[in-house]
Every structure is written in C-alpha cells, then in structure tokens.
Amino acid sequence: MSQLIRTIVLLSACLIFLPVQASITVGGTRLIYNGNDNEASLPVSNSRDAVPYLIQSWVELGENAKEKVPFIVTPPLFRLDGGHENTLRIIYTGEKKLPDNHESVFWLNVKSIPSMTRSDENRLLIAVKTRMKIFYRPAALASEKAGEAWTKLTFEPRGERLVINNPTPFYVSLYSLTIGNKTIAQPPMISPFSSETVAGSGKQVAWKAINDFGGVTAEKRQMLK
C-alpha cells in the first residue's frame, strides 16, 4: 500500500469515529432558588441548524445520590429542535423541610442526547451532561447579604495549613485563593457556618469568589497573623 493510500485510510477512520459536538446551551452556571418564589427557571437552547436533541433533567443531592430531593424539574424530558429554546422550571415540592436559617445546595443535571439518522450509523454520538449547583436560599435570608458573604471569611494559620472560616448563612464558592506565593489549584466551596482547611502558609492571603450570577468578584487581600 502506497503512503498516499495509507494516509487516506487513516483519515477516513478518523472521520468515521468523529464525535458529534453538542450544540445545547444552558443559560447559566448556577441557580439561586429564593425561598419566597414558587419556582426558578433556566433557559435551554439548541443552536440553529443543529440536529434535534432529547433533553432530560433532574435534581439530586450529589453525583449518583439515591436520596430523594424536594425538587422536581418540568418538563423532565422533551425534544429540542435546532434553532429553538425551552425553559426548565425547577419547583420546590416542600416534601422535605429545608433549614430556614442557612442555604442548602443541590445539583441540577441537564443531559442532552442527539438524535440519530441513517447517515450517523458509523459516527460516535455522545450524550453530554451539564451539572450546576442549585442554592436554595430561605426567604428569611436577604440576597444583598449573600453578595457580601465572601468578604466575611476569616483565616487561621495552623502550621503549614490554613483554616478558612465562613461565619455566614450562605455558601461561598472561591474562584481563586493564594496563600503567600502559592496559588491553590482547586479552591474550595465553604458551607454556611463551617470551615475548610487547605495546605499552605504565608504572611498574606488573597481570594476571589463566584457571585450569584456566575461572575467573579474583585480580589480581597488580608494579612495573616
């Protein structure tokens, strides 16, 4: 077999197994469910001229968690054609009473499954799952205070480690964290009235957080004692 023919065969094999790229867009990276609202909504769109997709959505406590959660998603399953948009409605059922003095967190899953035609028989069709956090915020908690929660964190050096304390009733998701000259690769999310410990030491800590809209806050710096 000549070099040219061998190259053509290899390229053909690559094309046969080329994955179909997802064209589904979910309108957000996190969802705040205010306790005084009847529901929260999230748009899902399929780009123009894309193949139809089957959209399946559900809420869970964690990855593959079996525990029943007090939320339903409607519609839970629907077809989304190219160039169209639909809205997911997340509804708190009240079947399980959630704490009213601090936030609770759950996971929303949106799985998009592409349709298959005869021409797709030799192609690898991939179902893509998008996961995002749902923060249930009790009605008694003011959202404007949530925007300040990241600034209320306190830090305690303990040898070569640093304890991060969250004295607020809100979850704080850190976007970046630098201790001395060390940047933490995976900054933690600190639960309400809780703490997290990370490896690192230095004279100063700097951090940014993710806000309610999925954006990033300004950087705050603090000297360590």
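On the stretch given as region 47-100, residues that are closer than 21 Å to F135 by Cβ, among the charged types (D, E, K, R) and not in a loop (DSSP other than H, G, I, E, B) total 2.
The condition of being in contact (Cβ under 8 Å) with a residue 40 or more places away in the chain and of a type outside the set (F, W, Y) holds for only one of K111, K68, that being K111. When you go through K145, K182 one by one, which is the residue that is out of contact with any helix residue (DSSP H, G or I) (no Cβ under 8 Å at 6 or more places or on another chain) and touching a residue at least 24 places away in the same chain (Cβ under 8 Å)? Going through K145, K182 in turn, the sole match is K145. Of all residues in region 163-180, none satisfies being out of contact with any strand residue (DSSP E or B) (no Cβ under 7 Å at 6 or more places or on another chain) and loosely packed, with under 12 Cβ neighbours inside 10 Å. On inspection, T151 qualifies as assigned to a helix (DSSP H, G or I), in the same structural domain as F213 (by TED's automatic domain parsing) and either among the polar types (S, T, N, Q) or farther than 24 Å from G35 by Cα (or both).
A residue that is at pLDDT 90 or above and assigned to a loop (DSSP other than H, G, I, E, B) occurs nowhere in region 1-9.
Can you confirm whether Y175 is among the hydroxyl-bearing types (S, T, Y), farther than 17 Å from A206 by Cβ and in contact with a Pro (Cβ under 9 Å, 6 or more places away or on another chain)? Write out each step before concluding.
Working: among the hydroxyl-bearing types (S, T, Y): yes; farther than 17 Å from A206 by Cβ: no; in contact with a Pro (Cβ under 9 Å, 6 or more places away or on another chain): yes.
It is false that Y175 is among the hydroxyl-bearing types (S, T, Y), farther than 17 Å from A206 by Cβ and in contact with a Pro (Cβ under 9 Å, 6 or more places away or on another chain).
Please find, within region 82-118, the residue that is nearest to S23 (Cα to Cα) out of those that are aromatic (F, W, Y) and buried (at least 18 other Cβ atoms within 10 Å of the Cβ). Looking at the filtered set, the residue picked out is F106. When region 38-73 is filtered for residues that are at pLDDT below 95 and charged (D, E, K, R), the ones remaining, listed by number, are R48, D49, E63, K66, E67, K68.
The values are calculated or read from the model by the stated rules, or taken from the named source; none is laboratory data. Quick caveat, the model's predicted, so the values are computed rather than measured. Reconstructed Cβ throughout: ideal geometry from the backbone, glycine too, with neighbour counts over all protein chains shown.
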